[in-house]
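A quick write-up on the structure given underneath.
The values are calculated or read from the model by the stated rules, or taken from the named source; none is laboratory data. Model, not experiment: these values are computed from the prediction. Positions of Cβ are generated from backbone atoms using ideal geometry, with glycine treated the same way; all protein chains shown enter the neighbour counts. The protein model used for the area step is the full one, side chains on, heavy atoms only, and it has no ligands, DNA or RNA in it. Shrake-Rupley method; radii C 1.70, N 1.55, O 1.52, S 1.80 Å.
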Amino acid sequence: MKLNCDMGEAFGAWKMGQDDHIMPFVDQANIACGFHASDPHTMAKTVALAKQHNVTIGAHPAYPDLVGFGRRNMDIAPAELKALIQYQIGALNGICAGQNTQVTYVKPHGALYNTMMADFTVLDTVMQAVSELDNRLILMVMAVPEAPQIKLMAEKYALTLWFEAFADRLYTDEGRLTPRKEPDAVHASFEKIEQQVVQLCETGTLTTASGQALPIHADTICVHGDGDHALDAVTRIRTLVNAIHSGNTK
């Protein structure tokens, strides 16, 4: 099980996240591309940091919404959305090329991510945008019950998928994330987060808000690098996942 984290989300003088401290503990860095956060200099520094720690680099494209941090939905025509996604991936890949590395995968951010997982016509546009650039790019999507249907969609574009689950988010019975505005949408305790990670890794299930066991096949777990206790959470999850892989969780 890999760990991925949103990175490079500072913007100019505005700082966010603990990238310098967290990068050594993750496997995949979802680097913001300037539309919801980041700027060219931040992108370059984050690419260099990922390269230093042998972390796989992913583009983290979003709706053009710096003020709302990419968390507000936008009604964008497919052709425009495709261009916006390709523009952002291309920008990050250009910075990567300057450092003799490259973008390996794409994980959409925020409202774009949530919309494509709720509306598969948007997901199809995202897949088309990625495949037209380079179908060797891997698309990271949420691990949901409709995974077989999503795999069939990806086959049309010859795309490889990585399915991800979330360590610190409460799931609905439908296999989606509970909206952040609702109570307990984000797990507040380390114990709850660790319990969810163990359950996911050992049984391939997550417990939903109503207490149901939801089958989830995930290739990677998203951890968050912002917040007061982010570093503690990420290091504990890293240690726990390593212990599970080694069979030493007791």
Exercise. Are any residues in the stretch 220-250 buried (at least 17 other Cβ atoms within 10 Å of the Cβ) and assigned to a loop (DSSP other than H, G, I, E, B), and if so, which ones?
Worked result: 224, 225
Problem set entry | Evaluation of residue 19 against (1) charged (D, E, K, R); (2) closer than 26 Å to residue 121 by Cβ; (3) open to solvent by 10 Å² or more (accessible area, probe 1.4 Å) (one fails), failing number | (2)
Exercise. How many of the residues making up the stretch 105-137 are of a type in the set (S, T, N, Q), crowded, with 16+ Cβ neighbours inside 10 Å and over 16 Å from residue 62 (Cα atoms)?
Worked result: 1
Seminar exercise, completed: Taking the stretch 201-210 and keeping residues in a helix (DSSP H, G or I) and either free of Cβ contacts under 8 Å to residues at least 40 places away in the same chain or loosely packed, with under 15 Cβ neighbours inside 10 Å (or both) leaves 202, 203
Seminar exercise, completed: The correct count of residues that are open to solvent by 30 Å² or more (accessible area, probe 1.4 Å) and among the β-branched types (Val, Ile, Thr) in the stretch 186-200 is 2
Exercise. Which residue, of 183, 179, is open to solvent by less than 70 Å² (accessible area, probe 1.4 Å) and in a loop (DSSP other than H, G, I, E, B)?
Worked result: 179
For this session: Assess whether residue 151 counts as being open to solvent by 60 Å² or more (accessible area, probe 1.4 Å), modelled with pLDDT of 90 or more, charged (D, E, K, R) and under 19 Å from residue 105 (Cα atoms).
Result: yes
Seminar exercise, completed: Checked against (1) surrounded by 17 or more Cβ atoms within 10 Å (Cβ to Cβ); (2) under 18 Å from the mean Cα position of the chain (by Cα); (3) at pLDDT 95 or above, residue 24 satisfies every condition except (1)
Exercise. What pairs can you find where one residue is in the stretch 81-94 and under 16 Å from residue 32 (Cβ atoms), the other is among the polar types (S, T, N, Q) and open to solvent by 40 Å² or more (accessible area, probe 1.4 Å), and their Cβ atoms are less than 7 Å apart, with a gap of 6+ or different chains?
Worked result: 93/102
For this session: Could you please give the count of residues in the stretch 3-16 that are open to solvent by 40 Å² or more (accessible area, probe 1.4 Å), touching a residue at least 12 places away in the same chain (Cβ under 8 Å) and assigned to a loop (DSSP other than H, G, I, E, B)?
Result: 2
Problem set entry | Qualifying positions in the stretch 48-68 - open to solvent by 30 Å² or more (accessible area, probe 1.4 Å), touching a helix residue (DSSP H, G or I) at 6+ places or on another chain (Cβ under 9 Å) and either part of a loop (DSSP other than H, G, I, E, B) or polar (S, T, N, Q) (or both) | 52, 53, 56, 64
Exercise. Name the pairs whose Cβ atoms lie under 7 Å apart, with the first residue in the stretch 228-248 and touching a residue at least 60 places away in the same chain (Cβ under 8 Å), the second open to solvent by 80 Å² or more (accessible area, probe 1.4 Å) and charged (D, E, K, R), and 6 or more positions between them or separate chains?
Worked result: 244/202
